[in-house]
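Participant: Here it is: the structure, laid out below.
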Ligand SMILES: NC(=O)c1ccc[n+]([C@@H]2O[C@H](COP(=O)([O-])OP(=O)(O)OC[C@H]3O[C@@H](n4cnc5c(N)ncnc54)[C@H](O)[C@@H]3O)[C@@H](O)[C@H]2O)c1
């Protein structure tokens with residue numbers, strides 16, 4: 001079974017590819033467990049520097065997903081599963097409307113149209129975001145809360161979800177969209193997501209570097225760890241079509257913490273000296289986006305499929321430290 005991952009050289013794309021190679025099987029659109037024969041990573045530039053990239057099942061295609069020839073080459077007329085992770089992320093899509101539209105909507109539609117032409121409708125997993133929600137939000141969002149995004153990224157993700165649901169209803173693909181909380185702690189370098197600070201305030205102090213927090217300490221964020229989100233994405237992928245009723249969107253369960261509580265977790269896990277590397281300086285543009293997102297989502301449908309949230313933010317910091325801090 002050929003598996004295509006757009007955004008395959010990104011943070012979650014690489015983790016997903018690695019997990020698929022280890023796991024070795026996926027459930028196809030007919031509900032059969034199939035060996036993963038090829039993992040095709042599509043991204044602007046190839047991933048480098050990781051041992052698993054030399055697995056013979058891995059192939060990398062570098063280019064812009066706006067280029068339909070590149071996508072056709074990736075699908076090779078036979079893809080069984082497509083994980084569509086490539087995106088212009090929140091802060092970037094807000095700063096540059098045109099690039100957000102081009103990648104998050106136009107290229108998503110091109111990819112869906114190409115999937116529709118495959119002889120067997122593939123599984124299609126789309127990573128949406130909690131940024132689809134906005135406006136007056138209750139403390140805890142129900143699964144059927146109406147999205148009212150307050151940023152271009154959220155609007156673009158919402159449109160993607162609707163395309164996935166409608167094309168699935170028509171039997172053109174077997175799609176699923178997962179609305180992700182902020183995923184932290186992201187190793188490596190910051191990206192252009194407005195939520196990037198939620199990783200930076202843990203990652204940089206642990207690396208001996210100062211970090212600036214651009215929100216108020218009382219800002220609540222809705223989080224999930226990288227390993228947990230990959231597990232949940234695979235549950236969403238493997239769930240039977242019969243589990244879905246009126247649409248194909250799943251809001252994941254997460255944990256809610258204030259930014260101050262995140263710093264306290266870091267202090268408990270790594271000590272005062274590490275936590276004291278954080279300073280506070282409000283960035284109104286980031287704060288506006290982050291505070292427009294939900295603080296907690298019930299995720300009842302996700303839980304009914306077997307998805308779970310992390311136990312605590314202390315655990316998330318500990319896991320990151322064990323996996324990435326030398
Ligand atoms: N990480 C999070 O906190 C989070 C939260 C909610 C939703 N998401 C969604 O999950 C997905 C993966 O997120 P991530 O954190 O791995 O982001 P990331 O920025 O690390 O990865 C996205 C990848 O997409 C690639 N990309 C962007 N434009 C492209 C184009 N035109 N052609 C080819 N590749 C292109 C980038 O090069 C990058 O490698 C995204 O769709 C994102 O919107 C992530």
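Participant: If you take every DSSP beta bridge whose two residues both sit in segment 1-136, what share of them, in percent to the nearest 5, is antiparallel?
Facilitator: Just about 15 percent of them are antiparallel.
Participant: Could you work out the relative contact order of the chain? I mean the mean sequence separation of Cα pairs under 8 Å and 6+ apart, divided by the number of residues, in percent.
Facilitator: Computed over the chain, the figure is 17 percent.
Participant: For a test of the definition: using alpha carbon positions, the gyration tensor, and the 1.5 limit on a/c, classify segment 28-69 as rounded, prolate or oblate.
Facilitator: oblate
Participant: When all alpha-carbon pairs of the chain are counted, what percent fall beyond 23 Å?
Facilitator: Distances greater than 23 Å cover 56 percent of the Cα pairs.
Participant: How would segment 21-125 be classified by its alpha-carbon gyration tensor: rounded, prolate or oblate, with rounded meaning a/c under 1.5 and the a/b versus b/c comparison settling the rest?
Facilitator: Taking the square roots of the gyration eigenvalues as a ≥ b ≥ c, segment 21-125 is oblate.
Participant: Using the number of other C-beta atoms within 10 angstrom as an exposure proxy, rank 126, 246, 97 with the fewest first.
Facilitator: If I rank by nearby Cβ atoms, fewest first, I get 246, 97, 126.
Participant: Largest first and in whole Å, what are the equivalent-ellipsoid semi-axes of segment 198-265 based on the Cα gyration tensor, each being the root of 5 times an eigenvalue?
Facilitator: So the equivalent ellipsoid measures 33, 14, 8 Å along its semi-axes.
Participant: With n ≥ 4 as the cut-off for DSSP H runs, can you work out [θ] at 222 nm for the chain, using -39500 (n - 2.57) per run divided by the number of residues, rounded to the nearest 500?
Facilitator: Mean residue ellipticity at 222 nm (helix-derived): -11000 deg cm²/dmol.
Participant: Let me ask something additional. Relative to the compact globular guide of 2.2 N^0.38 Å, what is the alpha carbon radius of gyration of segment 156-278, as a ratio?
Facilitator: Scaled against compact globular proteins, the figure is 1.30.
Participant: Then there is this: How far apart, in nanometres, would the label points at residue 22 and residue 120 be if each is projected 7 angstrom from Cα along the Cα-to-Cβ direction?
Facilitator: Result for the modelled spin labels: 2.7 nm.
Participant: Taking every DSSP beta bridge with both residues inside the chain, roughly what % is antiparallel (nearest 5)?
Facilitator: For the chain, the DSSP antiparallel bridge percentage is about 15.
Participant: Explain nothing, just the number: relative contact order of segment 199-319, from Cα pairs under 8 Å at least 6 residues apart, as a whole percent.
Facilitator: Across segment 199-319, relative contact order equals 44 percent.
Participant: Which order, highest average first, do 110-117, 176-183, 292-299 follow once you tally other Cβ atoms within 10 Å for each residue and take the mean per peptide?
Facilitator: Answer by packing, highest mean first, reads 176-183, 292-299, 110-117.
Participant: What is the fewest-to-most order of 145, 237, 84 by other Cβ atoms lying within 10 Å of their Cβ?
Facilitator: Arranged by neighbour count, lowest to highest, 145, 237, 84 become 145, 237, 84.
Participant: Please order 307, 1 by the number of other Cβ within 10 Å, starting at the fewest.
Facilitator: Fewest to most other Cβ atoms nearby, the residues stand as 1, 307.
Participant: Using r as the Cβ-Cβ distance of residue 140 and residue 54, and R0 as 56 Å, what FRET efficiency do you calculate, to the nearest 0.05?
Facilitator: With R0 = 56 Å, the Cβ-Cβ based efficiency is 0.80.
Participant: Let a ≥ b ≥ c be the square roots of the eigenvalues of the Cα gyration tensor of segment 59-175; is it rounded (a/c under 1.5), or, if not, prolate (a/b larger than b/c) or oblate?
Facilitator: The shape class here is oblate.
None of the figures in this text is laboratory data; all of them are computed from the coordinates on show. Just so we're clear, the structure is a prediction, and the values are computed from it rather than from any experiment. FYI the Cβ positions are ideal-geometry reconstructions off the backbone, even for glycines, and counts take in every protein chain you see.
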